[in-house]
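Worksheet for the structure shown next.
The values are calculated or read from the model by the stated rules, or taken from the named source; none is laboratory data. This is a predicted model, so every value here is computed, not measured. Cβ placement follows ideal geometry from the backbone for every residue including glycine, while neighbour counts extend to all protein chains displayed. SASA here: full protein model, heavy atoms, side chains in, ligands and nucleic acids out. Shrake-Rupley method; radii C 1.70, N 1.55, O 1.52, S 1.80 Å.
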Amino acid sequence: MGITLRKDPIDLFFSAVTAVAACSVIAIILGIVFVLIRESSLAIGKFGFFAFLTSTDWNPVTESFGAATTIFGTIVTTVLALVIAVPTAIGIAIFVTEVAPDFLKGPIGIAIELLAAIPSIIYGMWGLFTLAPIMANHIEPALQSTVGRLPLIGILFEGTPMGIDLFTASVILSIMIIPFTASIARDSFNLTPAVVKESAYGIGATKWEVVKNIVLPYSKVGVFGGVVLSLGRALGETMAVAFVLGNSHKITSSLLDAAATITVTLANEFTEADSDVYLSSLFYLALVLFLMSFIVLAIAKFFLLRAEKRYGR
Amino acid sequence: MTVEQRRKLENLTALVLSTLAAAFGLFWLIFILGDVLVHGIGALNADLFLSDPAPPGIEGGGLRNAFVGQIMITFFATLIGVPIGVLGGTFLAEYARGTRFARIISVLSDIMVSVPSIVIGTFIYALLVRPLGHFSGWAGSIALAVIMIPVVLRTTEDMLSLVPWTLREAAFALGAPYYKVIMKVVYRGAATGILTGVLLSIARVAGETAPLLFTSFNNNFFSWDMNGPVASLTVTVFQYAMGPFEEWHTQAWAASLLITLFILAITILGRAIIKWRYRS
């Protein structure tokens, strides 16, 4: 539907201005990559491109830095958050699309989406003052005395429960991403043609059988895209975890230990970095985080577009 | 157990579980909002808005500097980000409609919407704070603007695409050049939608903390100077909540309550407008 009516000089000018504005997105992305590579070149040069990623050192005194501990923290909190959030979110989506009576569908959907509107700093502060003490005094001791007794899994729950640890951070993170996953899952569920569902009901299927055999297979690509999108969001979440993770640079086997993620390290140490190598290493962390989340989000977008194309509205 | 009984039992279990999941989600919403409300409401007083922070550990004082700073930073971010976003969205939905270029930018914007905001903070730090040698309110505004651009661009594109193509054809038939069609017909048709997009993007950045940590930083004193460090509510909440003083914690709760109410109000307003305008 492109149109070629460019005789008017003002029109030419206006189209050029809008084109420049549209290109700003590309300029920002290239700018971020270029600037972060330039700023981190000192650290890349000193520690090596791959050696930095696998080194567990993080010592501002001896100026020896590596990303392994923070990448570890980032991945553990993200994965654990997804483990809690994904089943819940899909349950919510099933409830909102199939189970809830009509007068409840709208309000519950909106309420869940309001969870997504609450700023992450509020989650962080609530986590520090309210959730962390509850975790330390009730939930974590309870976990230790039940699943903590089991062989192998028990290793995950060793140590003194302080509430400032990987587990609490993951729980907060999961509450934050539930709404994203749930609303995308709901939208994907809604793309299932009503006729197909009705035919299934017509031959006597129960609600759960319709969901399991009709809705889920129909929407799996979209739901998967939503899960990956939530993964991308969780990777880059800063303030919600900054309060309750403790920013401690170590790889631990227990979920009840303090740790650090890339975002938490940046938030806590960026303005305190007193040497060039230190700052450059932090820029390198930012670059790693940007590339990680950009790739994950691109994959999510790819699946969401495919789902949309296949069952497009 | 017969097959029918098993199917019914399976069905019941699944439905109960999904209801529990919804209750679980609502539980957190009520827990968090309720907690912020309970802690925050007791801490609200006139001093909070009218006076600047007292020295650490001393009773009293308020967050006037942070309120003013937050408004300044958000205002200028909107002033920078919204025009670029709206114009960019116009290009995608009008001049470049249906082209591969428009689709690529559209997809990249969708990705940029979810990119970690703290990375934007480090980017602007390297670009504007380090070369100039000091933190500044402008750097904070620009960091927020960078976050706003893709959001506004995408909503503008979507809203303009909702305006029926035949409306444009009617204007073309009268001999109007494309820019006039966009200004007089398309923008008018989509005005409510674009405004909602702008509202939601303000809600999005007003709660941002991470990109401000290294750009506008924080300032314990009242300041109109966008060339120097400027306090913001969100960064103040971070600093105060992590700090050792009870008084700071109370004020952080009050600030959290106000941020939350502001953002929820805008979000609900935005949704209400969309629902009212695009009911079909």
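Of A:THR146, A:THR97, A:THR88, all but one fail to be over 27 Å from the mean Cα position of the chain (by Cα) and of a type in the set (Ser, Thr, Tyr); the exception is A:THR146.
Residues in segment B:1-50 that are under 24 Å from the mean Cα position of the chain (by Cα) and acidic (Asp, Glu): B:ASP35 alone. For segment A:62-127, the helices (runs of 4 or more DSSP H) that sit wholly inside it and include 2 or more residues that are in contact (Cβ under 8 Å) with a residue 24 or more places away in the chain and open to solvent by 20 Å² or more (accessible area, probe 1.4 Å) are A:68-94, A:102-117.
Considered as a group, the residues in segment A:162-172 that are assigned to a helix (DSSP H, G or I) and within 12 Å of another protein chain (Cβ to nearest Cβ) include one that is nearest to A:VAL147 (Cα to Cα), and that residue is A:VAL171. Out of everything in segment B:96-114 that is open to solvent by 10 Å² or more (accessible area, probe 1.4 Å) and more than 7 Å from every other protein chain (Cβ to nearest Cβ), what residue ends up being nearest to A:VAL227 (Cα to Cα)? Result: B:VAL113. Of the residues A:LEU143, A:LEU115, A:LEU131, which single one is at negative phi, modelled with pLDDT under 90 and within 14 Å of chain B (Cβ to nearest Cβ)? From the options A:LEU143, A:LEU115, A:LEU131, the qualifying one is A:LEU115.
Residue count for segment A:77-104 under the criterion of being more than 8 Å from every other protein chain (Cβ to nearest Cβ) and within 24 Å of B:THR260 (Cα to Cα): the result is 2.
So which residues in segment A:269-301 are at the interface with chain B (Cβ under 9 Å from one of its Cβ atoms) and surrounded by fewer than 19 Cβ atoms within 10 Å (Cβ to Cβ)? The answer is A:THR271, A:ALA298.
State the number of residues belonging to segment B:54-74 that are at pLDDT 85 or above and either farther than 18 Å from B:VAL230 by Cβ or surrounded by 14 or more Cβ atoms within 10 Å (Cβ to Cβ) (or both).
11
In segment A:235-263, the residues that are within 12 Å of chain B (Cβ to nearest Cβ) and under 18 Å from A:ALA67 (Cα atoms) reach residues that are open to solvent by 10 Å² or more (accessible area, probe 1.4 Å) and part of a loop (DSSP other than H, G, I, E, B) with C-beta atoms within less than 6 angstrom, at least six apart or across chains, in these pairs: A:GLY246/A:ILE164; A:GLY246/A:ALA258.
Is it the case, given these coordinates, that B:SER117 is in contact (Cβ under 8 Å) with a residue 12 or more places away in the chain and within 10 Å of another protein chain (Cβ to nearest Cβ)?
yes
Here is a check on your reading of the model: is A:GLY159 assigned to a loop (DSSP other than H, G, I, E, B) and touching a Ser or Thr at 6+ places or on another chain (Cβ under 9 Å)? Here the answer is yes, as A:GLY159 does meet what is asked. Taken together, the residues in segment A:4-43 that are more than 8 Å from chain B (Cβ to nearest Cβ) and open to solvent by less than 40 Å² (accessible area, probe 1.4 Å) amount to 2. For segment B:216-249, a tally of residues being open to solvent by 70 Å² or more (accessible area, probe 1.4 Å) and β-branched (Val, Ile, Thr) returns 0. As a summary of the residue check, B:ALA93 satisfies the conditions (1) small (Gly, Ala, Ser); (2) assigned to a helix (DSSP H, G or I); (3) open to solvent by 40 Å² or more (accessible area, probe 1.4 Å) except for the one numbered (3).
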